[in-house]
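As structure tokens, the structure follows; a few thoughts come after it.
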Amino acid sequence: FVVSCIPSWFWGPIVTLEDCLAAFFAADELKGDNMYSCERCKKLRNGVKYCKVLKLPEILCIHLKRFRHEVMYSFKISNHVSFPLEGLDMRPFLAKESPSQVTTYDLLSVICHHGTAGSGHYIAYCQNVINGQWYEFDDQYVTEVHETVVQNAEAYVLFYRKSSEESVRERQKVVALASMKEPSLLQFYISREWLNKFNTFAEPGPISNHAFLCQHGGIPPNKYLYIDDLVVIVPQNVWEYLYNSFGGGPAVNHLYMCAICQVEIEALAKRRKTEIDTFIKLNKEFQAEEAPSVILCISMQWFREWESFVKGKDNEPPGPIDNSKIGVMKGGHIQLKQGADYGQISEETWQYLLGIYGGGPEIARQEPFEINIGLMINFHFCPHMTLRNLHLFSVAVGVSVAALLTRRHVLLLNWPWQANSTWCYKPERCSERCSGLMCSVRTPLLR
């Protein structure tokens, strides 16, 4: 008894790790100045706040609060905290609905801090799980130590690993089944990732072969070349034991490349190539225009997402075009926001991307202005205006067919006829009031 009391005479009452956990998970009464606001009645009420663990991890990290920071100073809390090397039980802190079955932990590693709140040095103690020996890691020096040295350490961060005798027996059973010479008609493939969990975790969970399977049950084409690195072949008796013990799946005894995924990949590659080739073509035409009548804006944030998709960096295509961050409403119209992150594209490029992804809004960067000499005209077509005649007219006046078809008025760079003149290739079929293209001069523009 006297010997057991000696430590408390020097360091005070012994604080255990269980005491720290109990204090951390203790219920906290909310009353007085700490009353909480009820969501139902919208009034301050007394209450009790508490927390529980819903699911225990395979590796439990416990960080002790060794440093305290006040307004004017900081200091280190050097009290010794006793912690178990084996058998840390977390069951008292579990929620009732927790699915965790294994609740005991064994110490795997501990980090210690030597020094003050202002400066210090870190060392670590780690256990070799193969031979059970403890080692001290101090920078480049590794030293074998006794477990009593670890127990007396001033712990700062502790790492515990789930321990279960049942999991050890299950591994031994699988090894025994695999070593049997009993021939089996079928061999099964199991995920190497899950098998590693089985060999190291106390609760590996259900078998999951989706690490190497696609949603159609085959091997994705991009994984087929290194499938041997993703699977392990097990005999039928081993598979049946694991499946009956853990469930999951699906069962796989034949590996094949998924034809559906291959078609989808080829279609996606074709789509990407079409989109990027069309964009390059339209952008070259846009760059060749000396004085484009309209320049539209596109959000660079959306454009970068689209670029990553068509270049194969992202598997998922971007959503609808979103120009909301580069536009601002002024006078009932959306205008380009000053300092916005945007790019300039032609109307044809905008219509192409808009037809695929949708979205908006359309924001014009440059309205028709600052042309040497030109006329703004209004126009409409008669029924006899053929597409060929429209093309000839567009060449004559220097305006694209798309601009003529999508606008009620347009700026003409070349107008070789008199004001209020008409354009029609078949006037004999038109009424006196209807010509192929009725044009009226609006405003002459001078730069």
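The values are calculated or read from the model by the stated rules, or taken from the named source; none is laboratory data. Source: prediction; values computed, not measured. For neighbour counting, all protein chains shown are included, and Cβ atoms are generated from backbone atoms with ideal geometry for every residue, glycine included. The accessibility values were calculated without ligands, DNA or RNA, using every heavy atom of the protein model including side chains. Shrake-Rupley method; radii C 1.70, N 1.55, O 1.52, S 1.80 Å.
Exceedance of the 19 Å cut-off in Cα-Cα distance is limited, within the set LYS270/LYS311; LYS223/LYS313; LYS313/LYS337; LYS55/LYS162; LYS42/LYS96; LYS31/LYS96, to LYS313/LYS337; LYS42/LYS96; LYS31/LYS96. The gain in end-to-end length when the GLU165 to VAL142 segment is fully stretched comes to 5.2 nm, 0.36 nm per residue minus the alpha carbon separation.
For a test of the definition: using alpha carbon positions, the gyration tensor, and the 1.5 limit on a/c, classify the stretch 94-167 as rounded, prolate or oblate. Here the stretch 94-167 falls in the oblate category. Extending 7 Å from Cα along the Cβ direction at MET257 and again at VAL15 yields two label points whose distance is 6.2 nm.
Shape analysis of the stretch 24-132 places it in the oblate category; the axes a ≥ b ≥ c from the Cα gyration tensor give an a/c of at least 1.5, with a/b not above b/c.
Applying a DSSP loop filter and a limit of 13 other Cβ atoms within 10 Å to the chymotrypsin sites (Phe, Trp or Tyr not before Pro) in the stretch 225-327 leaves TYR256. Considering only ALA202, LEU255, GLY218, and ranking their Cα positions along the charge dipole of the stretch 192-267 that arises from unit charges at the beta-carbon of Lys, Arg, Asp and Glu, the one farthest toward the positive end is ALA202.
Rank these residues by their accessible area, most exposed first, probe 1.4 Å: ILE227, ILE260.
From most exposed to least exposed: ILE260, ILE227.
Placing dummy labels 7 Å off each Cα toward the beta-carbon, the span from GLU266 to ASP106 is 5.5 nm. For LYS330 and ALA211, FRET efficiency with R0 = 56 Å and r from the beta-carbon atoms, rounded to 0.05? So, using R0 = 56 Å, E works out to roughly 0.55.
Is the stretch 149-262 best put as rounded, prolate or oblate by its Cα gyration tensor, with a ≥ b ≥ c the root eigenvalues, rounded for a/c under 1.5, and otherwise prolate when a/b is larger than b/c, oblate when not? In terms of gyration-tensor shape, oblate. Counting only aspartates and glutamates at least 8 places from LYS284 when in the same chain, those with an alpha carbon closer than 18 Å to its own are GLU275, GLU307, GLU347, GLU348. Under 17 Å from a label point set 7 Å out along the Cα-to-Cβ vector of ALA178, the amide N atoms of the stretch 211-230 belong to 228-230.
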